[in-house]
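The numbers here are math on the coordinates, done by the rules we state, and not lab data. Just so you know, these numbers come straight off a predicted model, no measurement behind them. No Cβ is skipped: glycine too gets one built from the backbone with ideal geometry, and neighbour counts run over all protein chains shown.
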Amino acid sequence: MEMRNLGRSGLSIAPLIFGGNVFGWTADQPTSFAILDAFLDAGFNAVDTADVYGAWAPAGFGASETVLGAWFKASGKRDKVVLATKVGWRTEKGELNAAHIESAVEASLKRLQTDYIDLYQAHKDDPATPQEETMAAFDKLVKAGKVRVIGSSNFTPERIRSANAIAAANGGARFETEQPEYNLMVRKVVEPALADLALTDGIGLIPYFGLAAGFLTGKYRSEADLAKSPRGARAKAYLNAKGLGVLGALDMVAARHGATPAQVALAWQLAKPFIAAPIASATSVEQLREILPAVDLKLEAEDVAQLDAASAF
């Protein structure tokens, strides 16, 4: 399997990241353990989570990290995983200030039952906190060995460049990755500005919602389908003329390759030179096994062109 670099960090991952937002929410602990075991057994190694994941579920804030930490302890597989987590979703509270980052990383390490995080990401921008303070706080964690690499999520290209200019001026760690929303239904967040930044500055893009909250699997084709899943409400926004056109294009490309729409949707991302690896989730081992073959699906230029046209923005 082709491995891909995360920016200029030296971290190398398989070309699909598992999205841990489902842990402790739509996947209970035994199911989460089974998914993680199957993911690693298939040769993959990167898992993404965040301190806030689970806040919307009965298990509460930190649920995803807690489940992942329990799996590390039970399986002994921490050293086989490139672990990514995040801090600072609630930036209205200034969560990218130094004090919060320092306390949040300790809480994440405790929940994750590990002494280091491979990729620690600013979950979204915090305009209220000077970037000098944020970058210094992250660099302190890297120098202490608690974090190997830092990244951003939901940042604009301008704010990534300014943060990294501060890091360069101070000899500190820079953002090596950016985690934006990107898929066949949402392209303008990345194209063209973030895509250009990734290629010129060596930033690894690891987009979330790779399957557009499940819409690109093709399972939501009517209002009745939306009621079948807790994630259906999010997919509702895509159930329109454009969405149905994208599903039609996915169906045609999938038929040509003997693949599924989900596999084609992820393979389309992997065909883009500015994408390091998409993030995708599954709530069962069966769902996971459906999407994993995407990394071996090589789309032809005509396939990519057809999907580009259907998803034009």
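Taking 7 Å steps out from each Cα toward its Cβ at Glu158 and Ala255 produces label points 4.6 nm apart. For segment 153-291, the Cα gyration tensor yields ellipsoid semi-axes of 32, 15, 14 Å (square root of five times each eigenvalue, largest first, whole Å).
In a DSSP loop and with at most 16 other Cβ atoms within 10 Å, there are no GluC sites (Glu not before Pro) in segment 51-159. With distances taken between every two different alpha-carbon atoms, segment 4-179 has a Kirkwood hydrodynamic radius of 16.2 Å. Relative protection proxy for 236-242, 264-270, from highest mean packing down: 264-270, 236-242 (other beta-carbon atoms within 10 angstrom). From the alpha carbon centroid of segment 169-187 to that of segment 276-306 is 21 Å.
According to the Cα-based calculation, Rg over Rh for segment 87-165 is 0.94, with Rh computed by the Kirkwood formula.
Full extension of the chain between Gln113 and Ala42 yields a length gain of 23.2 nm, computed as 0.36 nm times the residue separation minus the alpha carbon distance. For the pair Glu191 and Asp79, the difference between a 0.36 nm per residue extended length and the Cα-Cα distance amounts to 36.8 nm.
Simple point charges give the picture: +1 on the Cβ of Lys and Arg, -1 on the Cβ of Asp and Glu, and for segment 4-179 a dipole about the Cα centre of about 300 debye.
Per residue of the chain, the DSSP helices (runs of n ≥ 4 H) give a summed -39500 (n - 2.57) that works out to -12500 deg cm²/dmol at 222 nm. Roughly what angle does helix 301-310 make with the longest principal axis of the chain, taking Cα atoms, 0 to 90 degrees, to the nearest 10? The answer is roughly 90 degrees. Given their separation in residues at 0.36 nm each and the Cα-Cα distance between them, Arg90 and Ser229 gain 47.4 nm when the chain is fully extended.
Here each label is just a point 7 Å from Cα along the line to Cβ, and for Ala144 and Val304 those points are 4.3 nm apart. On the basis of the beta-carbon distance and an R0 of 51 Å, Ala99 and Phe313 show a calculated FRET efficiency of 0.80.
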